[in-house]
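The values are calculated or read from the model by the stated rules, or taken from the named source; none is laboratory data. Treat the numbers as computed from the prediction; the structure is a model and nothing was measured. Note that each Cβ is placed from the backbone with ideal geometry, even for glycine, and that neighbours are counted across all protein chains shown.
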DNA sequence: CTACCTGCAAAAGGTTTGCATAGCC
DNA sequence: GGCTATGCAAACCTTTTGCAGGTAG
């Protein structure tokens, strides 16, 4: 992958924002530092970063995709009230992974786990 | 929900097809019995059936959504080779659910788990 | 110099919606 | 009869793509 200023800015933006931004939000943010950035470039770079396992793509039904700078195995929790996505790390995921591989006789490449409900903030 | 012929046909189509069809495939199939069905009607009914917990919507990044007639807690495995989605039932999901609820201090409404990899057929 | 990257704008693809009509209860 | 569902087509929104020019190595 050849260096590009745009890609660096996009990656930084994702790493600095733990909020699981959409392509469009990233575009808006990075554009402040690089005014003639184009949305197409954002999408192209996001695709490459995902391809190279440098970020994760989170796909939520009926909403634009979001991107996550943390590529370690973890799951996502979407709050149906406030719309925030939070990361959850569970050691048990490894166990589940091998359990599924045995039980289903499959080879798992990736885990996309999205839980939906109400977050601690909104439960109050 | 008022009865409609279209909705009945759509629901039957999903229940009869264990293949996790897309809205468009459902449209094509049901149209054989009901030639002047429209795609919009299919989408509207799918949304209602999901709303009433009669079917499940499976969202796969970069692909059209699919629909599942089985609403019991289970996970999905997408084969990256052949594209088939298979259901996997794991008792351990219940444990995971309460684990997450405790650990993350959240209330879970729904579970969307999509594993990707190679299925037993394609592993050969 | 060459291959990859960018900006722009147009196109694609899936899904939603407005409107007038038809069908259930 | 009233309210919901339908068909049709246009609109929507996110994402992708073609092209001509720019930039890293």
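Quick look at the numbers
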| quantity | calculated |
| --- | --- |
| Subset of segment B:4-33 [at pLDDT 95 or above, surrounded by fewer than 15 Cβ atoms within 10 Å (Cβ to Cβ) and part of a loop (DSSP other than H, G, I, E, B)] | B:4 |
| Residues within segment A:27-57 that are free of Cβ contacts under 8 Å to residues at least 40 places away in the same chain and closer than 30 Å to residue B:99 by Cα, tallied | 4 |
| Residues located in segment A:15-29, provided they are farther than 12 Å from residue A:41 by Cα, within 14 Å of DNA strand D (Cβ to nearest atom) and touching a helix residue (DSSP H, G or I) at 6+ places or on another chain (Cβ under 8 Å) | A:21 |
| Which numbered condition residue A:109 fails, given (1) more than 7 Å from chain B (Cβ to nearest Cβ); (2) free of Cβ contacts under 8 Å to residues at least 40 places away in the same chain | (1) |
| Test: residue in segment B:46-55 that is within 9 Å of DNA strand C (Cβ to nearest atom), within 25 Å of residue A:58 (Cα to Cα) and modelled with pLDDT under 95 | no |
| Single condition residue A:60 does not satisfy, out of (1) more than 8 Å from every other protein chain (Cβ to nearest Cβ); (2) farther than 27 Å from residue B:123 by Cα; (3) touching a residue at least 40 places away in the same chain (Cβ under 8 Å) | (1) |
